[in-house]
Amino acid sequence: MGAGFSFGTRFSFNSIKKYGALSASDNYYNIDGIVSYNLNSLFGGQTLKPFLELGGGYALFDEQGAGYFNLGAGLEFWLGENIKTALILETIYKNAGETYGVKHFPYFEQRVWRNTPS
């Protein structure tokens, strides 16, 4: 998209064993569409790149699903001399805006291998 913006999608599947102190056996499915803004122009540097994220998606907790508004932030840590490997840490606030949706904060850890020059 240019000017520090990018877009993408994300899918996840998880198994939930606990809700706080309560035992559970639920599945969690999620699909999101996201728009990210790279804050690197404010901070500079090639190895640490903070970003903000905005989007929407659909999550299904066991058998109860809802559409969600997403707002998130994260950090990309680019490693090595050629800057071709990264570790990305991110959190997102997911709000359904509905009485039956569960507001929650999923956390992500991603590993990236870039095949093109930096």
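Brief remarks on what is shown
- Residue in region 95-102 that is touching a residue at least 12 places away in the same chain (Cβ under 8 Å), surrounded by 14 or more Cβ atoms within 10 Å (Cβ to Cβ), out of contact with any His (no Cβ under 7 Å at 6 or more places or on another chain) and assigned to a strand (DSSP E or B) present: yes
- Top-ranked residue in region 26-44 [being at pLDDT 90 or above and of a type in the set (G, A, S); ranked as farthest from A73 (Cα to Cα)]: G33
- Test: residue in region 12-24 that is surrounded by 14 or more Cβ atoms within 10 Å (Cβ to Cβ), part of a strand (DSSP E or B) and not charged (D, E, K, R): no
- The listed residue being loosely packed, with under 11 Cβ neighbours inside 10 Å and either among the aliphatic types (A, V, I, L, M) or part of a strand (DSSP E or B) (or both), out of E109, E90, E81: E109
- Matching residues in region 1-11 - criterion: being loosely packed, with under 13 Cβ neighbours inside 10 Å and either assigned to a loop (DSSP other than H, G, I, E, B) or in contact with an Asp or Glu (Cβ under 9 Å, 6 or more places away or on another chain) (or both): M1, A3, G8, T9, F11
- Restricting region 45-76 to residues that are at pLDDT below 90 and among the hydrophobic types (A, V, I, L, M, F, W, C), the residue that is nearest to G8 (Cα to Cα) is A59.
- A Cβ distance below 7 Å, combined with a sequence gap of six or more or placement on separate chains, defines the contacts here; from region 55-67, residues that are in contact (Cβ under 8 Å) with a residue 40 or more places away in the chain reach residues that are outside any strand (DSSP E or B) in the pairs F61/V102.
The values are calculated or read from the model by the stated rules, or taken from the named source; none is laboratory data. Owing to the predicted nature of the structure, the values given are computational and were not obtained by experimental measurement. Cβ sites come from the backbone with ideal geometry, for glycine too, and all protein chains shown count toward neighbours.
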